[in-house]
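Each remark here refers to the structure printed beneath this line.
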């Protein structure tokens, strides 16, 4: 075989592999230390919204679809129990609507009820804007806990699901990191 033909074949095959990896999202991954932007999401009434206090407070974001909403509760309960100062900390939820089986109108209705009941901020993401902007990869069936410093940098990230729940040791480690950021 001609060497030139072989070389061109390897280049074409390599490009195809790279294109496949990038198109499936396997080449993307959020990394601790990366600076995050504040993407345009939606509120519970489907109006444009961004993450409040982004860049001025330590922020925790729990990003989950309707099937994984409860997986983040142990960590969310632990941060709530710490009673961090509202002058330096903000915890929010973002509903991953694209990967949810429930219709968007129903998710928004549930979110409005939770906002009222818990006096909390919950935004909605109908088209994976947050997952794409922050390179979260496949979030379907997962609850993603994201810790962001006042410097807008990712300090910690964890994906939880049925086979990978929060442990007491995991929670204690995250709370130590958060204490150091306050």
Exposure proxy check on 105, 145, 54: fewest-to-most Cβ neighbours within 10 Å is 105, 54, 145
Once you place label points 7 Å from the Cα toward the Cβ at residue 120 and residue 102, how far apart are they in nm? 1.4 nm
Using a Förster distance of 35 Å, the FRET efficiency for residue 132-residue 45 (Cβ separation, nearest 0.05): 0.95
For a label point 7 Å along the Cα-to-beta-carbon line of residue 112, residues of the stretch 45-60 with backbone N under 16 Å: 45-48
Separation of the stretch 112-134 and the stretch 47-94 by C-alpha centroid, Å? 10 Å
Counting only backbone N atoms under 20 Å from a point 7 Å out along Cα-to-Cβ of residue 29, the residues of the stretch 130-159 in range are 131-148, 153-159
Which percent, nearest 5, of DSSP beta bridges in the stretch 31-181 are antiparallel? 55 percent
Please compute, over every Cα-Cα pair in the stretch 48-115, the percentage with a separation greater than 21 angstrom. 31 percent
Cα radius of gyration and Dmax for the stretch 52-182 (Å): 14.0, 40
In percent, how large is the relative contact order of the stretch 31-181, given Cα pairs closer than 8 Å and 6 or more residues apart? 36 percent
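Quick note: the coordinates plus some simple rules give every number you see, no bench work behind them. Source: prediction; values computed, not measured. Every residue, glycine as well, gets a Cβ built from its backbone with ideal geometry; the counts of neighbours run over all protein chains shown.
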